[in-house]
């Protein structure tokens with residue numbers, strides 16, 4: 001018989017670097033056991049070791065959100081080691097079509113983008129939902145983007161109006177739909193589901209030109225992952241403030 005892990009447990013996907021790694025660090029600093037999900041097991045182990053060197057409780061699991069075999073073993077991993085999962089942060093994402101107009105986009109790139117950014121998040125959430133439902137304060141955070149806002153995409157004067165891409169924004173719009181509809185299904189259950197726009201962050205994806213640090217980008221996802229009982233659900237937030245869908 002499993003003995004339930006005393007502390008809250010969080011899984012952060014795509015967490016061996018960038019925003020995901022910083023989300024892991026900030027959650028662990030709040031006394032939460034964090035599990036770093038990474039496609040490359042060695043890099044995941046190295047990232048978890050870095051956090052342990054800071055005195056934080058960090059583990060790792062090999063997780064490719066596009067690989068069904070790693071998803072199938074995920075619930076058992078948490079059941080056997082912790083007998084719980086309280087927080088899921090769907091952070092894994094790819095940007096493959098920057099600079100490519102929609103009219104020139106290869107549909108294979110569109111499908112590849114959705115496999116990670118949308119279908120991957122859906123599959124992880126579905127696989128782990130039974131465990132999260134058992135938590136006293138289950139939280140699911142989908143790391144989205146300003147480019148997932150139809151209001152922003154339709155505004156010719158928006159700050160992102162010059163960003164040329166179709167696959168990435170479309171995948172984030174779909175991810176936001178997952179947030180809204182999963183939150184609706186879970187309303188009244190105690191599980192809260194929200195989307196976070198971390199902003200333009202200095203990461204491999206965001207490049208060195210971005211104005212925000214990973215620490216700043218992680219703030220809203222961490223806030224949503226640790227919401228109190230009376231916190232919002234089914235929302236889209238940046239800098240802890242609601243955004244237009």
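What FRET efficiency, computed as 1/(1 + (r/R0)^6) with R0 = 25 Å and r the Cβ-Cβ distance, is obtained for residue 189 and residue 29, rounded to the nearest 0.05?
Numbers: r = 28 Å, r/R0 = 1.11.
Rounded to the nearest 0.05, the efficiency is 0.35.
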Tilt of helix 41-53 relative to the longest C-alpha principal axis of the chain, in degrees (0 to 90, nearest 10)?
70
Does anything in the range 1-38 have its amide N under 17 Å from the 7 Å Cα→Cβ label point of residue 76, and if so which residues?
1-2
Folded to 0 to 90 degrees: helix 18-28 orientation relative to the chain principal axis, Cα
30
Most mobile of 61, 191, 109 per a Gaussian network model of the chain (Cα springs, under 10 Å)?
109
Two pseudo-spin positions, 7 Å from Cα along C-beta at residue 7 and at residue 111, lie apart in nanometres by 4.3
Checking rank on 154-165, 138-149, 173-184, with mean other Cβ inside 10 Å and highest first, the result is 138-149, 173-184, 154-165
Report the FRET efficiency, 1/(1 + (r/R0)^6), for residue 49 and residue 241, where r is their Cβ-Cβ distance and R0 is 30 Å, rounded to 0.05.
0.25
Evaluate the distance, in nm, between pseudo-label points positioned 7 Å from the Cα of residue 104 and of residue 83 along their respective Cα→Cβ axes.
5.8
In square nanometres and to one decimal, what's the mean projected area of the convex hull around the Cα atoms of the range 57-154?
8.1
Using alpha-carbon coordinates, inclination of helix 167-186 to the longest axis of the chain, degrees
50
If you take every DSSP beta bridge whose two residues both sit in the range 9-242, what share of them, in percent to the nearest 5, is antiparallel?
10
If the chain between residue 163 and residue 40 were fully stretched, how many nm would it gain, using 0.36 nm times the residue separation less the Cα-Cα distance?
41.3 nm
Between residue 227 and residue 66, 0.36 nm times their residue separation minus their Cα-Cα distance comes to what?
55.1 nm
Could you give P(r) for the range 9-242, binned at 10 Å from zero, as whole percent values over all Cα-Cα pairs?
8, 34, 39, 16, 2, 0
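Bear in mind that the values in this text are calculations on the coordinates, not laboratory data. Computed from a prediction, not measured in an experiment: that's the story for all the values here. So basically every Cβ, Gly included, is an ideal-geometry build from the backbone, and we count neighbours across all protein chains shown.
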